[in-house]
Amino acid sequence: MTKFALPTERSENSVTLDEIIEARRTISGMIRHTPVEPSVSLSKSMGVPVNLKLEHSQLSGSFKFRGASNAVAHLTETERAAGVVGVSTGNHGRGLARACANAGVRCVIAMSELVPQNKIEAIRGEGAEVLIRGRSQDEAQAAVDALVAEGMTMIPPFDHRHIIAGQGTLGLEISEEMPEVETVLVQVSGGGLISGVAAALKARLPHVRIVGISMERGAAMHASLAAGHPVEVTELATLADSLGGGIGLDNCFTFPMVRELVDDLVLLSEAEIANGIRHCYWEERQIVEGSGAVGVGALLAGKITLSGPTMLILSGGNIDMSLHHRVISGEDVDVSQESS
Ligand SMILES: *Cc1c(COP(=O)(O)O)cnc(C)c1O
């Protein structure tokens, strides 16, 4: 495990417990309050109570719907009328699309020509318009900039007050569902989820330990913490595809929040992520995507020592079912050798 020094002063670029409580009031009628289940097999093998927060059963298939719902609810009347735009082929795109559809707000998700048809259909299925532009994420971004110039509001996937506060509502639920919790394992990509969850939990249960989990292949937050400032990493194919991408060189909230609130960060190999997916299926009877299963994978790999009650978040379930089938059948899937 890697330890990072904590800065001594509290950062101003931080989301507070009050903002998270306000987010819960805002979105409580929109989101699903997801269940918690004890993991019999992990509790037995780890020797401490281990619970699973079944957030992959959230509407749109991941927790991203919480933050997106909160961000959309905070739009002004003028912004609502002009509509929302986002760049994401994955869970943020789905969550944002669903949140906008619920609120009756126009939503455009921009993506490149290289995005596979099934991902396009998934976003359309949640009710958004898909704008296909260019052959790279950068060209898709240029199309978004043009829409923003015309008055639409861009909602980013993690580095945004209302997004972080919305994801933090998951931390509030955990603090109430397992007040005796000692360790919480949380996925880390851009850091919106862990920032919100850690802010809520550490405000309510100051002694809780927050452990972040990413994949070895392209962990931008880990590299940034090691460098002491946000850095770019090469994006690599991984089974934990929802954890790919950078944290933004102009990161405002999540980098300082993770540096302040997260106790450890653990990285997993592809085989360890696959084991997490398999265990979720065969032992817990849950269909979980690679990113959602990294907490389980980290425990199975013996990468985290537990001293008391523990909560894992199954953060999403949007995995290609034929890929899932191959993984749970025991195939040694190497996504770096395949085109997505
Ligand atoms: C986006 C996502 C994450 C990571 O969330 P960040 O806020 O970007 O750190 C984890 N799991 C799933 C399923 C996701 O979609």
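The values are calculated or read from the model by the stated rules, or taken from the named source; none is laboratory data. It should be emphasised that the depicted structure is a prediction, and the values quoted were computed from it without experimental measurement. Cβ: placed from backbone, ideal geometry, glycine included. Neighbour counts: every protein chain shown. Accessible surface is based on the protein model in full, side chains and every heavy atom, while ligands, DNA and RNA are left aside. Shrake-Rupley method; radii C 1.70, N 1.55, O 1.52, S 1.80 Å.
Residue pairs whose Cβ atoms lie under 8 Å apart, separated by 6 or more positions or on different chains, with the first residue in segment 284-301 and not assigned by TED's automatic domain parsing to the domain that holds PRO38 and modelled with pLDDT under 95 and the second more than 13 Å from the ligand (Cβ to nearest atom) and in a loop (DSSP other than H, G, I, E, B), do not occur.
I'm trying to understand the selection: among the residues of segment 243-255, which are surrounded by fewer than 23 Cβ atoms within 10 Å (Cβ to Cβ) and either near the ligand (Cβ under 10 Å from one of its atoms) or without any contact (Cβ under 8 Å) to a residue 24 or more places away in the chain (or both)? Those that are surrounded by fewer than 23 Cβ atoms within 10 Å (Cβ to Cβ) and either near the ligand (Cβ under 10 Å from one of its atoms) or without any contact (Cβ under 8 Å) to a residue 24 or more places away in the chain (or both): GLY244, GLY245, LEU249, ASP250. Scan segment 36-45 for residues that are touching a strand residue (DSSP E or B) at 6+ places or on another chain (Cβ under 7 Å) and of a type in the set (A, V, I, L, M) and jot them down. Passing the criteria: VAL36, LEU42. The set of residues from segment 302-315 being outside any strand (DSSP E or B) and either in contact (Cβ under 8 Å) with a residue 60 or more places away in the chain or surrounded by 14 or more Cβ atoms within 10 Å (Cβ to Cβ) (or both) comprises LYS303, ILE304, LEU306, SER307, GLY308, PRO309, LEU314, SER315.
Every condition in (1) within 16 Å of the ligand (Cβ to nearest atom); (2) surrounded by fewer than 20 Cβ atoms within 10 Å (Cβ to Cβ); (3) not charged (D, E, K, R); (4) not in a helix (DSSP H, G or I) is met by ASN318 except one, and the failing one is (2). At least 3 residues being surrounded by 24 or more Cβ atoms within 10 Å (Cβ to Cβ) is the threshold, and among the helices (runs of 4 or more DSSP H) wholly inside segment 136-212 those reaching it are 161-177, 192-204.
Here GLY134 meets each of (1) farther than 28 Å from MET257 by Cβ; (2) at pLDDT 90 or above with one exception, condition (2). Under the condition of being modelled with pLDDT of 95 or more and surrounded by fewer than 20 Cβ atoms within 10 Å (Cβ to Cβ), which residue from segment 325-340 is nearest to ILE273 (Cα to Cα)? Here the answer is ILE328. Output the number of residues of segment 213-235 satisfying the condition of being open to solvent by 10 Å² or more (accessible area, probe 1.4 Å), within 16 Å of the ligand (Cβ to nearest atom) and in a helix (DSSP H, G or I). Total satisfying the criteria: 3. Under the condition of being open to solvent by 10 Å² or more (accessible area, probe 1.4 Å) and assigned to a helix (DSSP H, G or I), the residues counted in segment 62-87 number 8. Kindly indicate whether ARG66 is in contact with a Phe, Trp or Tyr (Cβ under 9 Å, 6 or more places away or on another chain) and within 30 Å of ALA143 (Cβ to Cβ). It is false that ARG66 is in contact with a Phe, Trp or Tyr (Cβ under 9 Å, 6 or more places away or on another chain) and within 30 Å of ALA143 (Cβ to Cβ). Whether any residue in segment 54-74 is more than 16 Å from the ligand (Cβ to nearest atom) and touching a Gly at 6+ places or on another chain (Cβ under 7 Å) is what I want to check. Scanning segment 54-74 turns up no residue that is more than 16 Å from the ligand (Cβ to nearest atom) and touching a Gly at 6+ places or on another chain (Cβ under 7 Å).
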